[in-house]
Amino acid sequence: MRVKVFVDTNIIVDVLAGNRAHSDASKRIFALVFGNRIEGVIATQSLIDASYILRGEGISDFIGSVDKICNNFNIHYVDTFAINYACNHPTGDFEDDAMYHVAKLSFCDVIVTSDKLFKERHQGEDPNIQIMTPEEFVAKITVS
């Protein structure tokens, strides 16, 4: 059984910007998904947010990448359940709470994020979901 990995917005931005602190490890995660070694999950909102962030950084070739992402990742909607969860589980970050719930509803084993606060807010909330940085995940999957 392949590991099911929820990829947070910042990982998408790391890959497409290519010059950020976690870009190398994030690119390796994408390679694992593209190589069918792990199952990748992305939220619809993450694609929208990544587009906005990248445009602000002067990177305009986002649309060409979306097609490849959509053909290799499972794309899950941010639905009413995720919004209600975020409204009723206030950790201080509505977006992170919604993303966590999308990962949970998608039965992900791991959430990969470079957002340290995301990890602090949600680590241990569900014993079936691990939260890791891109570097932690790549190290773990390489050893396995």
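Has the stretch 50-65 got any residue that is modelled with pLDDT of 85 or more, crowded, with 18+ Cβ neighbours inside 10 Å and closer than 18 Å to residue 98 by Cα? Yes; the residues of the stretch 50-65 include at least one that is modelled with pLDDT of 85 or more, crowded, with 18+ Cβ neighbours inside 10 Å and closer than 18 Å to residue 98 by Cα. For residue 73, the conditions (1) within 15 Å of the chain's Cα centre (by Cα); (2) surrounded by fewer than 18 Cβ atoms within 10 Å (Cβ to Cβ); (3) under 15 Å from residue 3 (Cβ atoms); (4) touching a residue at least 60 places away in the same chain (Cβ under 8 Å) are fulfilled apart from (2). Residues in the stretch 1-25 that are touching a helix residue (DSSP H, G or I) at 6+ places or on another chain (Cβ under 8 Å), of a type outside the set (Phe, Trp, Tyr) and either part of a strand (DSSP E or B) or more than 19 Å from residue 58 (Cβ to Cβ) (or both): 3, 5, 7, 8, 11, 22, 25.
Remark: pairs (first residue in the stretch 121-144, in contact (Cβ under 8 Å) with a residue 24 or more places away in the chain; second residue polar (S, T, N, Q) and surrounded by fewer than 19 Cβ atoms within 10 Å (Cβ to Cβ); Cβ separation under 8 Å; 6+ apart in sequence or on different chains) = 121/91; 122/91. Scanning the stretch 5-23 for residues that are among the small types (Gly, Ala, Ser) and over 14 Å from residue 53 (Cα atoms) yields 21, 23. On the basis of being hydroxyl-bearing (Ser, Thr, Tyr), free of Cβ contacts under 8 Å to residues at least 40 places away in the same chain and within 22 Å of residue 142 (Cα to Cα), does residue 23 make the cut? Yes. If the condition is being part of a helix (DSSP H, G or I) and under 16 Å from residue 23 (Cβ atoms), then the stretch 51-66 contributes 53, 54, 65.
On the stretch given as the stretch 26-39, residues that are in a loop (DSSP other than H, G, I, E, B) and without any contact (Cβ under 8 Å) to a residue 40 or more places away in the chain total 2.
Just one of 82, 103 is surrounded by 15 or more Cβ atoms within 10 Å (Cβ to Cβ) and either of a type in the set (S, T, N, Q) or at pLDDT 90 or above (or both); which is it? The match here is 103. Among the residues of the stretch 1-14, the one identified as touching a residue at least 40 places away in the same chain (Cβ under 8 Å), among the aliphatic types (A, V, I, L, M) and surrounded by fewer than 23 Cβ atoms within 10 Å (Cβ to Cβ) is 3.
When the residues of the stretch 24-44 are narrowed to those that are under 14 Å from residue 113 (Cβ atoms) and of a type outside the set (A, V, I, L, M), which ends up surrounded by the most Cβ atoms within 10 Å (Cβ to Cβ)? Within the stretch 24-44, the match that is surrounded by the most Cβ atoms within 10 Å (Cβ to Cβ) is 26.
The values are calculated or read from the model by the stated rules, or taken from the named source; none is laboratory data. Just so it is clear, the structure is predicted and the values come from calculations on it, not from any experiment. Using ideal geometry, Cβ is built from the backbone for each residue, glycine included, and neighbour counts are taken over all protein chains shown.
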